[in-house]
């Protein structure tokens with residue numbers, strides 16, 4: 001497992017549906033080493049911190065393996081690394097084999113897997129098509145967020161080394177599955193709530209859904 005590309009970008013204003021929107025989804029690969037800090041990479045930023053960024057979503061990673069799927073789906077588009085707004089384009093690590101709480105060493109830094117990425121309208125801005133949001137979620141090719149446990153320098157070519165695993169019960173793919181596809185799997189939702197590393201907003205969402213189901 002390794003990092004193929006490190007991608008950064010600062011928020012910018014773009015026109016979308018007749019309005020100016022500020023977004024940090026435009027990322028470009030960098031060749032030199034970059035400092036990975038608690039909330040982001042140097043030279044990177046998020047526009048709307050109410051839904052993007054923060055300690056549990058400091059770094060967004062996207063598997064390079066998914067690009068072949070999207071190039072077949074969208075053959076007229078130039079899909080270079082960073083297209084999905086990811087900070088790290090990875091190789092050898094997919095959502096169904098990555099468990100919430102898994103810890104990795106990347107260069108000098110250490111990170112922990114926290115949650116999948118849920119698409120918002122700004123992905124539509126990046127692709128110039130609103131239908132990409134539903135297609136992205138339906139594909140289950142979500143990518144994943146990392147919290148930064150130890151700051152340090154990272155660069156393209158660094159190994160992505162698994163250094164800790166607390167559980168093999170709830171994967172990143174499971175969170176997407178329980179959110180969008182198998183909403184009646186109460187047992188799995190209860191297991192997810194017990195995973196320490198799962199962010200509290202996800203736990204609250206699953207608790208609410210369980211309570212709604214019980215009240216039917």
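The values are calculated or read from the model by the stated rules, or taken from the named source; none is laboratory data. Keep in mind that this is a model prediction, so the values were computed, not measured. Please note: Cβ atoms are built from the backbone with ideal geometry, for glycine as well, and neighbour counts cover all protein chains shown.
Across segment 157-204, the number of residues qualifying as farther than 21 Å from residue 97 by Cβ and either free of Cβ contacts under 8 Å to residues at least 12 places away in the same chain or out of contact with any helix residue (DSSP H, G or I) (no Cβ under 8 Å at 6 or more places or on another chain) (or both) comes to 6. For segment 11-46, the tally of residues that are farther than 25 Å from residue 110 by Cβ, under 18 Å from the mean Cα position of the chain (by Cα) and free of Cβ contacts under 8 Å to residues at least 40 places away in the same chain stands at 1.
Rundown of residues vs (1) modelled with pLDDT under 95; (2) loosely packed, with under 13 Cβ neighbours inside 10 Å, yes/no style:
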residue: 7; (1), (2): no, no
residue: 33; (1), (2): no, no
residue: 36; (1), (2): no, no
residue: 39; (1), (2): yes, no
residue: 47; (1), (2): yes, no
residue: 62; (1), (2): no, no
residue: 72; (1), (2): no, yes
residue: 88; (1), (2): no, no
residue: 91; (1), (2): no, no
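Checking each residue in segment 16-36 for being part of a loop (DSSP other than H, G, I, E, B), in contact with a strand residue (DSSP E or B) (Cβ under 7 Å, 6 or more places away or on another chain) and farther than 16 Å from residue 62 by Cα picks out only 33. Looking at the structure I just gave you, is residue 145 without any contact (Cβ under 8 Å) to a residue 24 or more places away in the chain, outside any loop (DSSP other than H, G, I, E, B) and either closer than 30 Å to residue 15 by Cα or in contact with a helix residue (DSSP H, G or I) (Cβ under 9 Å, 6 or more places away or on another chain) (or both)? No; evaluated as a whole, the condition is false for this residue. Of the residues making up segment 159-200, just one is under 20 Å from the mean Cα position of the chain (by Cα), surrounded by fewer than 12 Cβ atoms within 10 Å (Cβ to Cβ) and part of a helix (DSSP H, G or I), namely 200.
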